[in-house]
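Let me begin by presenting the structure, written as structure tokens, before commenting on it.
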Amino acid sequence: MVIEHQGKLWAAVRIQHTQPGKGGAYLQVELRNLRDGTKLNERFRSSENVERVRLDQQQCQYLYAANELLTFMNDETYEQTEIPARLVGEAEPFLQEGMIVAIESHEGEPLRVTLPDIAAFEVTETEPVIRGQTAAASYKPAVLDNGVRLMVPPFISIGDRILVNTIDGSYSKRAEG
């Protein structure tokens, strides 16, 4: 949810509803500024009005990166847009050429880029499987073709394609085909 508060746009990161013994109920909300990334903890009483902001969303294809700018193309209009890499956030290493992403904007200003939840990558480094170490559900370190390190099950080997959760960078499953 995105709201306008103190003249700025904020994304609600965490919301906690509280009903104290005395007084009225309130929401304790952790907000993240969409423009500069700063965080704010705010308490909203049930009697307060908060203006929810609707963001425009368009599907675009990622083309390339140059000088901290990422270039995307709108698949319908073929119009190219340059967006600062910081708008992708921690998911930037998972951005691949040709990937379709959602770009959210407000009044024509891009505010954030959302990648698909799952993306496929090739394992370039990992330890070989040691027979007999299957008693416990153990994971081993691996490096992907984008340079990201993560933990994978013991049956994954170099050259395998795996699906990775782009939100938290965790192994999802082996890619089919």
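Read-outs throughout are calculated quantities, based only on the coordinates presented, and are distinct from any laboratory measurement. Only a predicted model underlies this, so the values are computations on that prediction, with no experimental measurement involved. Don't worry about glycine lacking a Cβ; one is built from the backbone with ideal geometry, like all the others, and counts go over all protein chains shown.
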Subtracting the Cα-Cα distance of ASN67 and ALA85 from 0.36 nm times their residue separation yields 5.6 nm
Rounded if a/c is under 1.5, else prolate if a/b beats b/c, else oblate: with a ≥ b ≥ c from the C-alpha gyration tensor eigenvalues square-rooted, which is the range 118-174? prolate
Normalised alpha carbon radius of gyration of the range 2-52 [divisor 2.2 N^0.38 Å]: 1.18
With a cap of 16 neighbouring Cβ atoms within 10 Å, and only residues DSSP puts in a loop, list the trypsin sites (Lys or Arg not before Pro) found in the range 19-79. LYS22, ARG35, ARG54
How are the Cα pair distances of the range 56-114 distributed, in percent, across 5 Å bins from 0? 4, 21, 35, 29, 10, 2
In the range 67-162, which trypsin sites (Lys or Arg not before Pro) fall in coil by DSSP and have 16 or fewer other Cβ atoms within 10 Å? ARG131
How long, wide and thick is the chain, going by the Cα atoms along their three principal axes, in whole angstroms, largest first? 63, 51, 26
Which of the lysines could a cross-linker bridge to LYS140, judged by Cα under 25 Å and excluding same-chain residues fewer than eight apart? LYS173
Using a Förster radius of 25 Å, what is the FRET efficiency between ASP75 and SER105 based on their Cβ-Cβ separation? Nearest 0.05, please. 0.95
Out of GLY108, ALA91, SER170 - ranked by how far each Cα lies towards the positive end of the dipole of the range 21-177, with unit charges on the beta-carbon of charged residues - the top one is SER170
Scan the range 28-119 for GluC sites (Glu not before Pro) in coil per DSSP, keeping those whose Cβ has at most 15 other Cβ atoms within 10 Å, and list them by number. GLU48, GLU68, GLU76, GLU79, GLU97, GLU107
